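Following: one structure in structure tokens, then a few remarks.
The values are calculated or read from the model by the stated rules, or taken from the named source; none is laboratory data. These figures come from a predicted structure and were not determined experimentally. All Cβ positions, even for glycine, are placed from backbone atoms using ideal geometry, and neighbour counts span all protein chains on display. Note: areas computed on protein heavy atoms with side chains; ligands, DNA, RNA excluded. Shrake-Rupley method; radii C 1.70, N 1.55, O 1.52, S 1.80 Å.
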Amino acid sequence: MSTSATIHGLVTYREGEGVPMTIPEGPVDLDYAPDSVTISWMDDSRTAGLTAIPRDEYERYVREGHIKLAPK
């Protein structure tokens, strides 16, 4: 089940062992797994993005206000 949210501020992920990549500010969809959260988005040029981040990292972004969940 997907949840809608909005990115506000710096939220990053890594592709493998690469440098941190930034998820653009704006609307995203979240899909939850026991140990991670998958984030999907569309950037300004209508290119789709998709990544999974560890659950504890996701929870920190939510606590800090960088990921704001849509009201239910």
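Numbers below:
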read-out: Sole exception among (1) open to solvent by less than 30 Å² (accessible area, probe 1.4 Å); (2) on the phi < 0 side of the Ramachandran plot for G9, by number; value: (2)
read-out: Residue in segment 26-36 that is on the phi > 0 side of the Ramachandran plot and either part of a strand (DSSP E or B) or of a type in the set (A, V, I, L, M) (or both) present; value: yes
read-out: Scan of segment 1-25 for residues that are part of a loop (DSSP other than H, G, I, E, B) and among the small types (G, A, S), ordered by number; value: G9, G16, G18
read-out: Which numbered condition M42 fails, given (1) surrounded by 14 or more Cβ atoms within 10 Å (Cβ to Cβ); (2) at pLDDT 95 or above; (3) farther than 14 Å from R14 by Cα; value: (2)
read-out: P27 vs. criteria open to solvent by 90 Å² or more (accessible area, probe 1.4 Å), in contact with a Lys or Arg (Cβ under 9 Å, 6 or more places away or on another chain) and not small (G, A, S); value: no
read-out: Residues of segment 45-70 that turn out to be of a type in the set (S, T, Y) and open to solvent by 80 Å² or more (accessible area, probe 1.4 Å), as a count; value: 1
read-out: Odd one out for V19 among (1) without any contact (Cβ under 8 Å) to a residue 12 or more places away in the chain; (2) of a type in the set (A, V, I, L, M); (3) in contact with a helix residue (DSSP H, G or I) (Cβ under 8 Å, 6 or more places away or on another chain); value: (3)
read-out: Odd one out for A33 among (1) under 13 Å from the mean Cα position of the chain (by Cα); (2) modelled with pLDDT of 95 or more; (3) among the aliphatic types (A, V, I, L, M); value: (1)
read-out: Single unsatisfied condition, Y32 versus (1) closer than 19 Å to K72 by Cα; (2) in contact with a strand residue (DSSP E or B) (Cβ under 6 Å, 6 or more places away or on another chain); (3) surrounded by 12 or more Cβ atoms within 10 Å (Cβ to Cβ); value: (2)
